[in-house]
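Note sheet for the following structure.
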Amino acid sequence: MLRWIALAVALRVVLGAAAGVTRGEAAFLQQDSHTYLALAESMVVESAFASATGELEVFRTPGYPFLISLGASFGAALAVTLAIQLALTVLLMSLVFAIVERATGSSATGRLAAAAVGLEPTLLLWSIQIMPETLLAATLLAFIWSAQRSFGQPSAGWAAAAAFSLLAAAYVKPIAYPLAGLLMIVAGVWSFLLRSQPGFRVPAWVFVAICATGLGAWHVRNGVGAGYWGFSTQIDHALYLSGAGAVRARLEGERYIDVRQRMLAAAADLPATAEPDRLSRFQMMRRIGWRTFWSEPLTFASVHVAGMVRTLLDPGAVEYFRLFGAYPDNGGLLGRAVDRGVLHAAWELATHRPALWWSTVALSIVTWPYVMFAAWPGGHTQARVQPAGFLAAVCAVYLLIAGGGVPGSSRFRAPAVPLLVLSAVLARPRVGHAPLPSPVPDR
């Protein structure tokens with residue numbers, strides 16, 4: 001196990017060092033990285049989670065900026081954050097090993113699963129970027145691990161740990177907010193269906209209470225401080241730009257980036273909070289997004305599914321080329337895939353950038369099995385699906401579905417990689433094998 005961890009860390013250090021020598025600090029920064037760094041600086045200098053204009057931040061959530069602030073307080077935000085993400089890689093591998101070993105009773109299977117997570121190319125690359133994907137993966141995996149313990153022996157303590165881990169995921173990236181709300185509802189309903197197993201009811205209530213309180217607190221903070229009673233305006237932006245904007249671009253035959261700029265300009269003319277005779281900017285975004293969804297459901301769905309396909313299958317070779325400055329930071333292949341479709345973008349890649357094309361093919365051979373093994377049916381067998389594996393599969397499917405639309409790319413698959421590995425090992429019954437052992441109760 002230690003050898004696999006050492007190899008995973010060494011690969012990240014070597015790749016990061018090579019990129020740093022080539023491009024300097026820019027190699028570790030994406031477009032969104034600057035926003036996270038600025039919010040972390042605000043947390044350190046002003047003790048507030050506010051935008052550059054001094055307004056309360058309601059688009060980002062504070063989880064990842066808080067992690068960056070640990071290094072920013074020492075004037076070394078970049079170095080400390082990357083070091084923490086290396087440590088999170090070790091944590092990810094350790095948690096996968098612990099979950100699999102506990103569920104299967106096999107240390108060898110646990111080591112293999114941990115190695116698969118540590119060496120996966122997509123998660124590897126995003127762990128050396130100032131982006132929240134690695135932290136999101138760690139919080140979701142901590143949730144699975146805590147839930148597994150609670151399933152094995154009902155415990156309010158482990159239920160609380162699962163709830164806090166899931167809350168942390170929502171505060172790291174709002175994409176996890178609907179997942180937290182959904183699982184909270186499922187746990188609440190489940191608690192009333194378990195009349196024959198009263199030992200599970202109290203932990204379920206603890207889980208629901210902590211999730212509801214934690215999520216509700218940020219709603220109240222946004223509402224009282226900024227007049228926005230939602231969790232994050234990212235949801236409104238997604239409906240308006242990635243949803244309605246992409247549909248409009250497709251129907252009008254225009255480039256998505258042009259339509260997006262016009263829609264942003266139109267939204268900027270509206271106030272951030274509602275007025276007696278005017279909708280707020282975010283109310284308008286939400287209304288137009290849902291109106292477009294109901295008026296053009298097939299077009300809306302096709303745009304979203306196309307993004308899901310990119311999230312599911314994009315091997316991420318473009319990001320490796322960007323890491324070394326060999327591909328433009330913005331636009332490029334993703335923009336053409338959105339405007340003209342994946343097949344057209346792939347053909348253009350093969351004809352105009354053969355080195356990138358063959359790198360994409362090579363990485364596909366490595367990354368696609370992660371998806372295929374997780375999705376491959378297990379057939380008829382006496383082996384039962386492990387609860388932790390089923391929960392991991394639910395979370396992985398949610399992330400892949402939520403990662404659709406215009407932004408869909410390999411980045412949104414990265415946090416799902418450990419969950420896909422768990423799904424392949426635990427959520428797919430094995431043909432011809434004896435039933436897997438039940439989790440060992442805590443002593």
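Nothing in this text is a laboratory measurement; each read-out follows from the coordinates by a stated rule. Note that this is a predicted model, so its numbers are computed, not measured. We place every Cβ from the backbone using ideal geometry, glycine too, and count neighbours over all the protein chains shown.
Data overview
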read-out	value
Filter result for residue 212 (under 15 Å from residue 163 (Cα atoms) and in contact with a helix residue (DSSP H, G or I) (Cβ under 8 Å, 6 or more places away or on another chain))	yes
Count of the range 129-156 residues which are farther than 30 Å from residue 23 by Cβ, part of a helix (DSSP H, G or I) and small (Gly, Ala, Ser)	6
Selected residue (criterion: surrounded by the most Cβ atoms within 10 Å (Cβ to Cβ)) from residues of the range 220-253 that are aromatic (Phe, Trp, Tyr) and not in a helix (DSSP H, G or I)	228
Residue in the range 158-169 that is more than 20 Å from residue 390 (Cα to Cα) and assigned to a loop (DSSP other than H, G, I, E, B) present	no
Residues satisfying the stated conditions in the range 207-219, i.e. hydrophobic (A, V, I, L, M, F, W, C), closer than 30 Å to residue 153 by Cβ and surrounded by fewer than 22 Cβ atoms within 10 Å (Cβ to Cβ)	208, 209, 210, 212, 215, 217
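Every residue, every condition in (1) more than 22 Å from residue 170 (Cα to Cα); (2) touching a Phe, Trp or Tyr at 6+ places or on another chain (Cβ under 8 Å), yes or no:
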site: 93; (1), (2): no, yes
site: 97; (1), (2): yes, no
site: 108; (1), (2): yes, no
site: 111; (1), (2): yes, yes
site: 115; (1), (2): yes, yes
